[in-house]
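Undergrad: First the structure, then my questions, so here it is.
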Amino acid sequence: MQDRSDNPGRTRWGRFLALLVPTSAVAGAIVLGMSNGAMAASFAVSGQTFKVSASELRGEGFVQFGGIAQEVDGTKHPVAVTGIRKAELFDLCQSVKTPGVPVVLTITAGGGGRPATAKDLLIDVESLEGDVVFQNINIGQDASTLQGGPPGATGDRKAFGQQAEAVNIKNLRQVARATHAGTFNLTGLKLKVNVGSAAKECF
């Protein structure tokens, strides 16, 4: 079932494995995100994943449900669509590796006790590691009834979903397909192209 017939970016995956757990949910919380109507992505994803790490993520208004990130050629990737209404990211690092050559692009921000901040954060997550604490979490909620996350952040009727008033993730390590945020404030931003022996990812 596709969110919109004129939008190749994301197709909801109504039968997404209902085995999402809080740890997976947390993963989505960490990166940029995407909010466009009923979670229909406004862009087709690339064929690459990227890594994101942070010493700590503090979020308010967390939701998560199953979805599919779709490439321009129609290739589909199952993901955990995760949304956070407000987020603070400490010691943020994002890296993208260039296929076939020793080149890695890194972006860092939110150091020195001045966290990067985001509003209406959404992300298509493939994997996550970290130490997570949720406040008032519902696991197994109908994805179409999720509340408190970014505007329009709901899934299909009768599909698996989860939500929490707040989430805290320490030592975050995440692999994602796509991200977007309504607003993203990257304090102390540093972008660097790393080549050869210096071409190391965030983790």
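Undergrad: Mind giving me the FRET efficiency for Asn194 and Asp73? R0 is 22 Å, r the Cβ-Cβ distance, nearest 0.05 is fine.
TA: The formula returns an efficiency of 0.15 here.
Undergrad: For Val103, what charge total do you get from the other residues with a beta carbon under 14 Å from its beta carbon, if Lys and Arg give +1 and Asp and Glu give -1?
TA: Taking every other residue near Val103 into account, the sum is +2.
Undergrad: What is the distance, in nm, between label points placed 7 Å from the Cα along the Cα-to-Cβ direction at Asn171 and at Thr187?
TA: Output for this residue pair reads 2.5 nm.
Undergrad: Along the Cα→Cβ direction, 7 angstrom out, place labels at Arg114 and Thr98. What is the inter-label distance in nm?
TA: Reported label-point gap for Arg114 and Thr98 is 3.0 nm.
Undergrad: Using a Cα-Cα cut-off of under 29 Å, which lysines could be cross-linked to Lys76, ignoring same-chain neighbours fewer than 8 residues away?
TA: Lys51, Lys86, Lys97, Lys119, Lys158, Lys200
Undergrad: Which loop-located chymotrypsin sites (Phe, Trp or Tyr not before Pro) does region 35-139 contain, where loop means any DSSP state but H, G, I, E or B and the Cβ has at most 16 other Cβ atoms within 10 Å?
TA: Of the chymotrypsin sites (Phe, Trp or Tyr not before Pro), the ones in loops of region 35-139 whose Cβ has at most 16 other Cβ atoms within 10 Å are Phe43.
Values in this text are rule-based calculations from the coordinates and carry no lab data. Note that the coordinates shown come from a computational prediction; the quantities given were computed from them, not determined experimentally. All Cβ positions, glycine included, derive from the backbone under ideal geometry; neighbour counts span all protein chains shown.
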